[in-house]
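For reference, the structure is listed below as structure tokens.
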Amino acid sequence: MTLARFRGRFSIRAARLSVLLFLLSSFVCSAAFAASVRGIVTDATGARVSGATVVLLQNGASVGTTVSGADGSYQILTGTQGRFFLLTSAKSFRQLETPVFYAKQLDTIERNIVLEPEWVRESIVVTATGTPTPQPQTSSATTVIGPLDIDLRTDFVSQLPLMPGASVMQIGQMGSQASLFIRGGNSDANMVLIDGVEAGDLGGRFDFGTLPATGVERAEVFRGANSTLYGAGAESGVVSLTTPRGTTSFPSFFLRADGGNFNTHHEEATIAGAYGKLDYLGTYSWLQTSNALPDDEHHMGAAAANLGWQLNAKTQIRGTAHYNVAATGVPNAWNFYQVTDNATQKDQDIYASGSIDNQTTADFHNVVRYGLARKREQSAVWEPSGEVINNYDGFGSIATFGKPLTIKGANGSYATGRAMLDYVGSCSTPDECTYEEYPYKYQLVSDRDEAGYQGDYRFTPHLTGLIGFQFEDERGAEAVPSYFTNDKTERTNYDYMAGVHGDFKGRFFYTLGGSLEHYALFGVETTPRAGFTYYALRPRTGIFSGTRVLFNYGDAVREPALTDEFGSLYHFFQENGMESTAQELHLSPLAAPTTRMYEGGVEQAFLSDRILFRVRYFHNQFKKQIEYVGAQLLPNLIPGLTPEEKKKLEDALGFYYTYNYGLAVNTQEFRGQGIESTVEGGIGSAIFLRGGYTYLDAVVQRSFSSDNEALTGGYAPTWNGIPIGAISPLVGARPFRRPPHTGFMTGTYAHGGIVGMVNMSFASRSDDSTYLSYEDQEGGNSLLLPNRNLNYGYAKIDLGFSYQMKPWLGFYGIAENLTSNQHMGPIGYPTLPFTVRSGVRLQWGHENK
């Protein structure tokens, strides 16, 4: 070979090598400057899913795709930066979209994906463990209320009974006070959170009648004691609400307006979107209705905002705010009077949160959060209503009364007479009279500031630890100008929390934790919690396609309510400057009401996860519960008092002892046990059905209320010889307003632009009282009826639909209470009859991420 030919061939090879090296370096450089999105695809039990298609989307367009490997892992590289989300699909699983995330070109993002079965609903929940966890990996009873459930609603009152173990009592029609009872617990034994911030009054009371659905994307309802994670207040359950976020890369506008019978109209406007590292959402709604009773008009305005800033791929700053105002007439128990009170109730509520969320390492996650709540409730009776009757009781008293009528209970009892509506005054002689001051006004204020930290660390893929700390400063006030009452309190509380959750070989899952809580009102308490679930039969195809057994244990406490603190025996001595006497008599502030929970159950899947059946047994023991005991009985309740000390207490109580007025003490105990069962499944990809039944056996075990005092003294109010608890249940009876049998059925259809739904809820009769003690036309108890099964049972049926005619135009409607059943509230309070609303929805922009 000549030298020239050799040089020519070498030059060609060198050129080819240069090109190869250039292409290789270009690939390496592009990879070095590309964002990497990677993670593991699993099913809800934690098993790896291979062959799942994972698509990375930006502005609705695919910028990368891959398939998960044999170990479930995937990785996608992209040379762009901005906001992305993942769309994942696999055989026998529902297609899943992840939340939007932000990534720069050099960022490495980890997004583990948990796929749900195609036929049943198994969501990611937070309230059970404190970190996002698939429901099949938790032993806790948690129900998720999603966007499809909330979309057509203006409030949550109709949605809460559509789950096992829960019942709702609303004292009146739309906008009136609505209370949630979970597994037999009191209505103030539930923790309500908005974006992780406590939203209840001081002591846990929360009125769901004035909670709008506006600005809420999702709700989790946890049934059980969970003070370990959430502090004092989560005695019976937790309701956690989440504000939606903006996702589109441009401003999107959504408008809706509807109207219906009873002069009802509802309007809502939303703007949402994202720009670079910022996402934003703002929404406002207005609801107005006359309801079906005189003097019962209701309106509610709601505004919400959510702003997020993605500082980098690992750190996000977010702030949310809700401002709700409501006003409603309070006509009182119409069925007892046929005359309405000239009264109103107004509420102004502000909730706000700010958080910094940091994924410090792939295994270490931290959240710092600040939250506030500002709540104002003002009620007023502007003037007496009804017919004035002088000296109705023979002692010179003056009051107004409703019309003569017959009061009937669901238990077959009845009473005829006139019920006192408003107290006017009294006369010692015809010329010496004292009159009540009208308008009679009442104001309750609950302010709270809280700050907390929560960190979770993944030691291994099968073990995660959790720690947390929370501090809160609470201020409350109760004002009754007519009685020159203006009580105030401030509580400084803090608690420490620690826990672990994990699994053993993907078959045995556990949650263990405890908290140390220090509350200004009752001191230090500890609340342990444990949960276990075991797959006796792993998920598989076939008729019996998975069997899971579970067990839960937990202790919980709650703060006494603001009104209980101000109405307590200890506060009476404190307010009247008798602290030394209180110490001498060994009196102390109200203790924390407590709960101890045991729960066990089985979950069985059928037909390759097409049908899921759950059944749980629960046993809740409620101790140190607060009740109002007549002052004449109190000297005999306090242990260890000598006869001289008892006499000293009687003298100190003075006016309260003479007239036997009640004061709050921790003397009630009751039990709530029962069985919850649910079944759910899908028909094709468009239809989903769910139903459930709960049996509740609740009984009062210990009580020293004035009703029991009357029993011991032989002066108990009776109806044909049947003893009656006038203001609270008697020992051996059920707690009021908790039906022993409840159930629900729901069905949804969603295909293309058409969505339809049917909801049905049921409840049996429940115990209650007319509360008309000493309020008949002679000042007697003839209008009291036996407590047993006094409230009516009911069935409520709702239908709804929506149709997206064009991308920018949709129609919707909802019909509630199709049978026009007016006995769904406590006795005396007629429910809103059949109602219907229909409207139009407009949008500019797309809901796609």
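Annotations for the structure displayed:
- Taking first residues from the range 724-738 that are aromatic (Phe, Trp, Tyr) and partners that are open to solvent by less than 40 Å² (accessible area, probe 1.4 Å), the Cβ contacts under 7 Å between residues at least 6 apart in sequence or on separate chains come to Phe736/Pro729; Phe736/Asp767; Phe736/Asp768; Phe736/Ser769.
- Scan of the range 808-849 for residues that are open to solvent by less than 30 Å² (accessible area, probe 1.4 Å) and part of a loop (DSSP other than H, G, I, E, B), ordered by number: Asn817, Met824, Gly825, Pro826, Ile827, Gly828, Pro830, Thr831, Leu832, Pro833, Gly845
- Contacts under 6 angstrom Cβ, first residue in the range 320-349 being within 30 Å of Ala272 (Cα to Cα), partner of a type in the set (S, T, N, Q) and at pLDDT below 95, 6 or more apart: Ala326/Thr210; Asp347/Thr210
So that you can scan it fast, the table gives a plain yes or no per residue for (1) modelled with pLDDT under 95; (2) at positive phi; (3) in contact with a helix residue (DSSP H, G or I) (Cβ under 8 Å, 6 or more places away or on another chain):
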| position | (1), (2), (3) |
| --- | --- |
| Ala178 | no, no, yes |
| Ile182 | no, no, no |
| Gly185 | no, no, no |
| Thr210 | yes, no, no |
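- Pairing each residue of the range 636-652 that is under 18 Å from Thr667 (Cβ atoms) with any residue that is at pLDDT 90 or above and of a type in the set (Lys, Arg), provided the two are 6+ apart or on different chains, yields no C-beta distance under 6 Å.
Residue-by-condition table, conditions (1) open to solvent by less than 10 Å² (accessible area, probe 1.4 Å); (2) under 32 Å from the mean Cα position of the chain (by Cα):
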| residue | (1), (2) |
| --- | --- |
| Val557 | yes, yes |
| Glu565 | no, yes |
| Glu575 | no, no |
| Met597 | yes, yes |
| Gly600 | no, yes |
| Ser608 | no, no |
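The rows are residues; the columns are (1) touching a residue at least 60 places away in the same chain (Cβ under 8 Å); (2) polar (S, T, N, Q); (3) within 21 Å of Arg734 (Cβ to Cβ); (4) part of a loop (DSSP other than H, G, I, E, B).
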{"position": "Ser139", "(1), (2), (3), (4)": "yes, yes, no, yes"}
{"position": "Leu148", "(1), (2), (3), (4)": "yes, no, no, no"}
{"position": "Ser158", "(1), (2), (3), (4)": "yes, yes, no, yes"}
{"position": "Pro161", "(1), (2), (3), (4)": "yes, no, yes, yes"}
{"position": "Val168", "(1), (2), (3), (4)": "no, no, yes, no"}
{"position": "Met174", "(1), (2), (3), (4)": "yes, no, no, yes"}
{"position": "Ser179", "(1), (2), (3), (4)": "yes, yes, yes, no"}
{"position": "Gly185", "(1), (2), (3), (4)": "yes, no, yes, yes"}
{"position": "Val192", "(1), (2), (3), (4)": "no, no, no, no"}
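- On the stretch given as the range 669-691, residues that are open to solvent by 20 Å² or more (accessible area, probe 1.4 Å) and under 30 Å from Ile724 (Cα atoms) total 4.
- Subset of the range 643-662 (residues that are out of contact with any Asp or Glu (no Cβ under 9 Å at 6 or more places or on another chain) and open to solvent by 60 Å² or more (accessible area, probe 1.4 Å)): Pro643, Glu644, Lys646, Lys647, Asp651, Phe655, Tyr656, Thr658, Tyr659, Tyr661
- With respect to the conditions (1) assigned to a helix (DSSP H, G or I); (2) open to solvent by 20 Å² or more (accessible area, probe 1.4 Å), Gly640 lacks only one, and its number is (1).
- Filtering the range 326-343 to residues that are open to solvent by 40 Å² or more (accessible area, probe 1.4 Å) and touching a strand residue (DSSP E or B) at 6+ places or on another chain (Cβ under 8 Å) leaves Val330, Asn332, Asn335, Gln338, Asn342.
- Count - residues of the range 577-595 that are surrounded by 21 or more Cβ atoms within 10 Å (Cβ to Cβ) and among the charged types (D, E, K, R): 0
- Odd one out for Lys91 among (1) without any contact (Cβ under 8 Å) to a residue 60 or more places away in the chain; (2) in contact with a Lys or Arg (Cβ under 8 Å, 6 or more places away or on another chain): (2)
- One residue stands out in the range 429-459 among those that are assigned to a strand (DSSP E or B) and aromatic (Phe, Trp, Tyr): the one that is least open to solvent (accessible area, probe 1.4 Å), namely Tyr442.
- Given (1) more than 30 Å from Lys441 (Cβ to Cβ); (2) surrounded by fewer than 13 Cβ atoms within 10 Å (Cβ to Cβ), index of the condition Phe484 fails: (1)
- Count of the range 679-699 residues which are over 17 Å from Gly146 (Cα atoms) and assigned to a strand (DSSP E or B): 10
- Residue list for the range 194-223, restricted to those being in a strand (DSSP E or B) and among the basic types (Lys, Arg): Arg218, Arg223
- Residue selected from the range 493-544 under the condition closer than 30 Å to Pro593 by Cα, part of a loop (DSSP other than H, G, I, E, B) and out of contact with any helix residue (DSSP H, G or I) (no Cβ under 9 Å at 6 or more places or on another chain), by the criterion least open to solvent (accessible area, probe 1.4 Å): Phe522
- Among the residues of this structure, Asn312 counts as one that is over 28 Å from the mean Cα position of the chain (by Cα) and not in a strand (DSSP E or B).
- Within the range 229-250, one or more residues are outside any strand (DSSP E or B), open to solvent by less than 20 Å² (accessible area, probe 1.4 Å) and acidic (Asp, Glu).
- Among the residues making up the range 257-285, those that are without any contact (Cβ under 8 Å) to a residue 60 or more places away in the chain and either within 30 Å of Ala103 (Cβ to Cβ) or surrounded by fewer than 18 Cβ atoms within 10 Å (Cβ to Cβ) (or both) are Asn263, His265, Glu267, Ala269, Thr270, Ile271, Ala272, Tyr275, Leu278, Tyr280, Leu281, Gly282.
- Out of Leu607, Leu634, Leu663, sole residue that is at pLDDT below 90, under 26 Å from Val700 (Cβ atoms) and not small (Gly, Ala, Ser): Leu634
- Sole exception among (1) surrounded by fewer than 21 Cβ atoms within 10 Å (Cβ to Cβ); (2) touching a residue at least 40 places away in the same chain (Cβ under 8 Å); (3) aliphatic (A, V, I, L, M) for Val63, by number: (2)
- Residue within the range 692-705 that is within 19 Å of Ala410 (Cα to Cα), open to solvent by 60 Å² or more (accessible area, probe 1.4 Å) and modelled with pLDDT under 95 present: no
- Restricting attention to the range 718-729, the residues that are open to solvent by 20 Å² or more (accessible area, probe 1.4 Å) and either at pLDDT 95 or above or not polar (S, T, N, Q) (or both) add up to 5.
- Pair list, Cβ under 7 Å, 6 or more apart: the range 110-121 residue in contact (Cβ under 8 Å) with a residue 60 or more places away in the chain, other residue open to solvent by 70 Å² or more (accessible area, probe 1.4 Å) and not polar (S, T, N, Q): Glu110/Arg38; Trp119/Arg610
- Every residue from the range 758-807 that is of a type in the set (A, V, I, L, M), crowded, with 20+ Cβ neighbours inside 10 Å and in a strand (DSSP E or B): Ala763
The values are calculated or read from the model by the stated rules, or taken from the named source; none is laboratory data. These numbers were taken from a predicted model, which means no experiment stands behind them. As a convention, Cβ positions derive from the backbone with ideal geometry for all residues, glycine included, and neighbour counts pool all protein chains shown. Only protein heavy atoms, including side chains, enter the accessible area calculation; ligands, DNA and RNA are left aside. Shrake-Rupley method; radii C 1.70, N 1.55, O 1.52, S 1.80 Å.
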